[in-house]
Structures are given as structure tokens and as C-alpha cells.
1. What relative contact order, as a whole-number percentage, does the chain give when Cα pairs under 8 Å and 6 or more residues apart are counted?
2. Grab the alpha carbons of the stretch 167-289, take their convex hull, and tell me the volume per residue in Å³.
3. From Cα pairs below 8 angstrom and at least 6 apart in sequence, can you work out the relative contact order of the stretch 118-250, rounded to a whole percent?
4. Which entry in [x] 5, 25, 35, 25, 9, 1, 0; [y] 5, 22, 31, 25, 12, 4, 1, 0; [z] 5, 19, 27, 24, 15, 7, 2, 0 is this structure's computed P(r) over Cα pairs in 10 Å bins from 0, in percent?
5. Quote the relative contact order of the stretch 165-208 in percent (integer), defining contacts as alpha-carbon pairs under 8 Å separated by 6+ residues.
6. Neighbouring Cβ atoms within 10 Å as the yardstick, rank 209, 53, 86 fewest first.
7. When the chain is modelled as a GNM with alpha-carbon springs shorter than 10 Å, which of 155, 287, 192 fluctuates the most?
8. Only counting other Cβ atoms within 10 Å, I'd like 286, 35, 69 sorted with the fewest neighbours first.
Amino acid sequence: MTARDAVSILPSERCRGDSRPAWPVRRRKGRYSPVKLALSLACGLYDRTLPLVDGAVAPDGIDLNFLAVPPGELFRRQARFAEFDVSEFSLSTYAMLQARGDRRLVAIPVFPSRMFRHAYIFVNTRAGLREPRDLAGRRVGTMEYQQTAMVWMRGLLAHEYGVPPDALTWYFGGYDEPEPFTQRVPFDVPPGVRVETIPSDASLNKLLVDGEIDALMGARPPRAFRDGAPSVARLFPNPQQVELDYYRRTGIFPIMHTVVVKREVYERAPWVAMSLYRAFVAAKAVGRQRLTLPNAVYCSMPWLLLQLEELEATMGSDPFPYGLEANRLVLETFLQYALEQGLLARALTVDELFAPETRG
């Protein structure tokens, strides 16, 4: 598929059982003409979403107002106020809301953010932690229990290394900087899981450096590690090799985020689900083509093309697949972990998470 092919995917179906046109129309002199539906899209800027910003891809029937909002802020605003018509969204928070019966949002099977998580467990080098099993009985910091990255990391510790969540004492609070602890959505940690909230004038980063906690798990490296502090190191000194082994054994590349539409928008115009899905698929194809430009390096990575060749040999030509069936195993594993860890008020199936039009 070329970039030109990718941007010319045009959905034209009518909504099933609905005699109205498939997108808003304006009648002029006895004829109907399409009027694009204006929607806000809050999302991260990635190679796979940038074509939606620069105009290389446009969803049929929709005029997108793209807003680049940092994930932490975005997820809180969307979870609390459903502020954006369409947005990138935390997979864990979305599953929690669905299990509670909160139906303000409906997802499409687009997954703009995925990351392996072995590399994001950090330890104080004086704590004597050499392998994951050593974490049992230790003090571990994290921003909040419900974070998607934490669901995957707790699942890894429990299923791969025999360290369940109740074997640790969890410390919640500001990550790099002091700040009051607040939850994205209200949530009670399951009985038996020991938790502490650090003071609002303290940070998990500083506690790790000082040895007041033994380890820190998060979505990104803490500041002390980025600054080269000798007292902070990764639990896995060779994380890429460990993650490759995990992928080869399990076939799982963990999903962090999905894309959600406000239900009031979706119910008013169900066709937007497929229009947006096709646009995200097309944008990913354009982004991939840009990465593989043969005459120049697209981003500041000197061995980018060689690394892409190596990646394709390991994970195939599309390491970020969209759609339900291509991701069913990963999603089922995530829902299993979330239920085991007490995040879900009831068991969920993969199919009920996504708009019916996009399940095929």
C-alpha cells in the first residue's frame, strides 16, 4: 500500500437499519451535499498519528481538530469530564469504567501506544535486589495502582516470577517531583494489598535515591536514572534481551492505550467508529512508509533502517497491529491481569470493549 493508496480509503456505507446518509448532509437546491462532522481529537504525536495532523490522512466525513495533550493530563481530563470527542486513552482506566457500567466512552481497536515493561523497574543499588523474586517483602513506589503500565508489570511479576501484588508494600505519590497524590478515577486498592501515600512535599524519585523505598516502577525512567545517579539502576541490566525473550515465548507486545469516542457522538453518528478506525490504519501505513525512506534517515537514529530490518525479522512488518483479532491474546491477558489485581468490578470480554462496527 502506498501513501496515496492509504489516504484514499473512503467509507461510504449507510448505518445499518438507518435510511439517513452515512454522514451529515446539507440540502442545496434539492440535492444533498456532505457536511463534515467537526470533532476534537486529543492524542500523542507519533509517527503513526502525525499524518492525521499534517493532512496526509483525513477521516472520511470528519473534520478533526487535533490537540496534542500529554497522556497523564489527557487521561485525567477525559476520565473525569469526557472533555474530547475522540481521544487516546488509558486501557486500564477504560476497562475500569466499562466494568463499573460507566458508558460515556466507547473504544475502537486502535492502539497508538505499546511498550514492553521489563525495562521500567528501577532499584536502589544498595537494596540487594538482583532478580525479580528479591522484590518480595520490599517497598516499591509507583504513581498510582490503576496505571496501565503497572497492570502489566504486576502481571509480569506475578505470572513470570511468582511475586504477587500483596507480596509488596506500595508507595504512591509524585514521581519525579513532589506533588499531592490524586487518583485518575476513584479506586479502592484490594484488601490485603499494603499501601502508603508519601507526603506531598516528597517524591518517589528522591525516596529511591535515599533508599527509603527499595524499587520504583513507572511509565518512564525516574529523573535520578536519567541523570546517571549511581544509586539507581534497572532491575534487569539487559532489558531488551529479556523483553525479546518474553515476546518470543508469549507473543505479547503490551498495549498501553486505545482510542475512545464519546458515546453521545458515537450514538448520534455510529459511522464515525469505522471512519476513524480506517483513518488511523491509513495514518499508520503512511508513518511506516516515512520511516523507511531509503535516501534519508527520517528521525535522529543513525541505524534506523538496520534496526527496522531487525525489528521486522523479529515482529513482522507491522509491530503495532490494529484491529480486534490481531490483538485478542494481548487484550485477554490484560483483562485477566486487571481482574486478578482487583481493578475490575466484574469480568469483561474483549468484544464488549469495542464498538460493534469495528469488531470484524
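1. Values: 630 pairs, mean separation 94.4, N = 360.
Across the chain, relative contact order equals 26 percent.
2. Numbers: hull volume 26.1 nm³, N = 123.
Per residue, the Cα convex hull of the stretch 167-289 comes to 212 Å³.
3. Working: 236 pairs, mean separation 49.7, N = 133.
This gives 37 percent for the stretch 118-250.
4. Structure-derived value, by its label: [y].
5. Details: 68 pairs, mean separation 23.6, N = 44.
Relative contact order for the stretch 165-208 comes out at 54 percent.
6. Details: 209 21, 53 16, 86 27.
Lowest count first: 53, 209, 86.
7. Highest fluctuation of the listed residues: 192.
8. Numbers: 286 24, 35 13, 69 18.
Final ranking by Cβ density, sparse to dense: 35, 69, 286.
Values quoted throughout were computed directly from the atomic coordinates according to the rules given, and no laboratory measurement underlies them. All values derive from a computational prediction rather than experimental measurement. Cβ sites come from the backbone with ideal geometry, for glycine too, and all protein chains shown count toward neighbours.
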